[in-house]
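Enquirer: Here you go, one structure.
Readers should treat all values here as calculations from the given coordinates under stated rules, not as data from a laboratory. A quick note: this is a predicted structure, and the numbers were derived from the prediction, not measured. Cβ sites come from the backbone with ideal geometry, for glycine too, and all protein chains shown count toward neighbours.
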Amino acid sequence: MKKILLFLLAFCLVLAASCAEAPKEYIAQITAMDTTASIKVYDAKYSSVADECAELLIKLEAELSVTLTGSRVYHLNKNGSVPVTEHLKALVSISNSVSSATNGAFNPCIYPLVKLWGFTVNGENNVPSDEAIREALIGVTTSQLSLDGNNALISNGGQVDFGGIAKGYAADLIRDNLKAAGVEAALVDLGGNIQTVGTKEDGKLWNIAVNNPNGDGYVCILSVGETAVVTSGADSRYFIGNDGNRYHHIIDPKTGYPADSGLLSVTVVCENAAIADALATACFVLGVDDSLAVLEKFDAEAVFVSKDTVSFTKGLENKFTLDKTVEGEYKTVIID
Ligand code: AMP
Ligand code: MG
């Protein structure tokens, strides 16, 4: 009898072990580009690709960071020119194309103003004098970023800051790497920059929540296929000045002050993540009306959140669901 019981116990253990499922998902996490990034693959056999993508963020940061001594951008800002890499070259040309399409609302040469307001890695936030802003503005508006053969150039002692586009660019590369390795479902989160890859295992759409910039929780859910969903908001980085006013990190290159278009956040949905990132920053500066033609030009859609209204472009009509917790808090408008 004892032998039979032992045999049954052993049998059950073997059965339990064979039934235990291999882990299905894997998340690679890393702190890079001033954010905590996560790359989640829905099949753990792709864990090493996810890890490699996380490492890629460190490499990109070393190349593109404005503050890391020795980065390409650091040298560009110091010397006015630097030999390009594939990534720097791509960023110069995408930045310039979004800059000209947005009439300069996205300006990659914004760094003197970003520095002045203290929105750098170790910067101290303070409200600059009008005179200091005027001076920095001259540098921002007169400098031009360009490519000359294998060099990136910045004129007039200007200074580049790719903070408004680099995470999006990284998301494009990560998506391409994951897909090239055969990944069929992944969710990449680079702090406000979401990139989906494929569809979820059951073929369902991804539900991406958009933060409520007016408070806690979410303002809406966007149900999307493979795309970038990028949010720029007044709530992600800001300080309260001695005057009691709130100052956030997206600067209007026309005034030198934090953008004041009446928006609290803009979320852009676009196939190209670098474009989505740059457009989110630019649309936040431009406001709803001036953003629409630009979004159309880049085949992008957007959700705009202000104090009391959530408006979204027509292409999101079947993808948008207002979060129940904010019903009554916001008027919802579809922009036709
Ligand atoms: P994002 O969160 O993508 O909107 O990027 C904000 C960051 O982009 C800031 O922290 C600055 O580094 C930079 N930035 C601020 N204003 C602008 C602007 N008007 N155009 C381009 N980059 C900007
Ligand atoms: Mg951006």
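Enquirer: Among rounded, prolate and oblate, which fits the range 123-200 when a ≥ b ≥ c are the square roots of the eigenvalues of its C-alpha gyration tensor, a/c under 1.5 means rounded, and a/b larger than b/c means prolate?
Expert: oblate
Enquirer: So which trypsin sites (Lys or Arg not before Pro) in the range 177-262 end up in coil per DSSP with only 13 or fewer other C-beta atoms within 10 Å?
Expert: Answer by residue number: K204.
Enquirer: In degrees from 0 to 90, rounded to the nearest 10, what is the angle of the helix 130-142 Cα long axis to the longest principal axis of the chain?
Expert: Result, in degrees: 80.
Enquirer: Calculate the radius of gyration of the Cα atoms of the range 265-336 to one decimal place, then report Dmax, the largest Cα-Cα distance, as a whole number, both in Å.
Expert: Radius of gyration, then largest Cα-Cα span, for the range 265-336: 11.8, 34 Å.
Enquirer: Assign unit charges at the C-beta atoms only (+1 for Lys and Arg, -1 for Asp and Glu), then state the dipole size of the chain relative to its Cα centre in Debye, rounded to the nearest 20.
Expert: With Lys and Arg at +1 and Asp and Glu at -1, about 800 debye.
Enquirer: How large is the convex hull of the C-alpha atoms of the chain per residue, in Å³?
Expert: For the chain, the hull spanned by Cα atoms encloses 181 Å³ per residue.
Enquirer: In the range 99-246, how does Rg compare with the Kirkwood Rh, expressed as the Rg/Rh ratio over alpha carbon atoms?
Expert: Value, to two decimals: 1.05.
Enquirer: Ok, one more. Once you have the Kirkwood Rh of the range 163-310 from its Cα pairs, apply Stokes-Einstein at 20 °C and 1.002 mPa s and quote D in µm²/s.
Expert: My calculation gives 136 µm²/s for D.
Enquirer: Same structure, new question: Could you pull out every one of the lysines with an alpha carbon less than 28 Å from that of K89, ignoring same-chain neighbours closer than 8 positions?
Expert: Output for K89: K59, K78, K115, K167, K179, K254, K297.
Enquirer: In terms of Cα to Cα distance under 12 Å, which aspartates and glutamates are near enough to K40, apart from those fewer than 8 places away along the same chain?
Expert: E25, D51, E184, D189
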